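To start, the structure itself, in structure tokens.
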Amino acid sequence: LSLTEMKELAKARPHEPFMKYKGNNPWDYPPNDEVIAIKKKIRLDLTTSQKVCGFCGLRLKGTSQGQIEHIAPKAYYRHPEFTFTLKNLVLACHYCNSPDKKGTKDTISIKHTIYSKCKFNIVHPYLDDPEEHYDWTDKEIELLIQVKNDSPQGKKSIEIFGLDNPNMSELRAGEIRHSQLKAKYALLPADEFLLEAALSK
Ligand SMILES: [Zn+2]
């Protein structure tokens with residue numbers, strides 16, 4: 001989405017009109033051709049530029065192609081005015097996207113009318129550097145995530161998305177093995193396919 005298009009969107013859908021819908025954010029309801037077209041374009045844009053989940057870093061593939069997730073929730077009682085803000089939209093894997101994870105929990109601790117000036121209580125996929133908030137324990141089988149420098153945002157993200165659960169750690173370790181093997185052997189697409197199949201078992 002170009003900057004001009006985003007500006008047009010922001011103009012077309014300022015804060016006030018969102019509020020009159022109360023429970024319904026125009027992103028979801030009522031069905032609207034313009035919004036459907038916008039969402040399609042955003043999805044295409046994100047899938048082109050983003051290969052990993054914005055929250056856990058796992059590769060987006062297969063059944064986990066990625067859902068468009070609002071980093072600051074779009075619920076009318078949260079931050080509906082950021083519904084179409086590009087920096088607020090990220091692809092998330094099906095683990096991080098499940099309603100029991102972030103859901104409509106508030107992710108902004110100090111709000112500002114300018115999105116990038118808000119303070120977030122999680123590690124923001126675009127505004128934060130994960131290296132400042134996470135530490136890794138490199139083990140042969142698992143790659144364990146830890147909070148770095150007592151970062152409250154790192155702590156909150158690990159807690160909300162369950163980044164330290166054994167399943168996530170195992171998946172991350174698999175991906176690391178995958179990329180190490182890939183780098184070592186310069187795989188052909190056919191080998192790549194076999195390796196992918198073997199590691200996803
Ligand atoms: Zn994820």
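Quick look at the numbers
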| quantity | calculated |
| --- | --- |
| Residue that is nearest to the ligand (Cβ to nearest atom) [pool: residues in region 70-109 that are within 19 Å of Arg172 (Cβ to Cβ) and in contact with a strand residue (DSSP E or B) (Cβ under 6 Å, 6 or more places away or on another chain)] | Cys93 |
| Candidate set from region 129-151 (those that are in contact with a strand residue (DSSP E or B) (Cβ under 9 Å, 6 or more places away or on another chain) and farther than 21 Å from Glu175 by Cβ); member that is surrounded by the fewest Cβ atoms within 10 Å (Cβ to Cβ) | Asn149 |
| Of all residues making up region 75-104, the number that are basic (Lys, Arg), more than 28 Å from Asn167 (Cβ to Cβ) and under 14 Å from the mean Cα position of the chain (by Cα) | 1 |
| Those residues of region 109-143 which are under 15 Å from the mean Cα position of the chain (by Cα) and over 16 Å from Cys56 (Cα atoms), in sequence order | Phe120 |
| Residues (of a type in the set (Lys, Arg) and away from the ligand (no atom under 16 Å from the Cβ)) located in region 26-69 | Lys39, Lys40, Lys41, Arg43 |
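Every residue, every condition in (1) modelled with pLDDT of 90 or more; (2) hydroxyl-bearing (Ser, Thr, Tyr), yes or no:
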site	(1), (2)
Met19	no, no
Asn32	no, no
Leu46	yes, no
Ser49	no, yes
Leu58	no, no
Lys61	no, no
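Yes/no per residue for (1) part of a strand (DSSP E or B); (2) under 23 Å from Asn25 (Cβ atoms):
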{"residue": "Tyr77", "(1), (2)": "no, yes"}
{"residue": "Phe84", "(1), (2)": "no, yes"}
{"residue": "Gln146", "(1), (2)": "yes, no"}
{"residue": "Gln153", "(1), (2)": "no, no"}
{"residue": "Leu171", "(1), (2)": "no, no"}
{"residue": "Glu175", "(1), (2)": "no, no"}
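The values are calculated or read from the model by the stated rules, or taken from the named source; none is laboratory data. Owing to the predicted nature of the structure, the values given are computational and were not obtained by experimental measurement. Here Cβ is always computed from backbone atoms with ideal geometry, including for glycine, and neighbour counts include all displayed protein chains.
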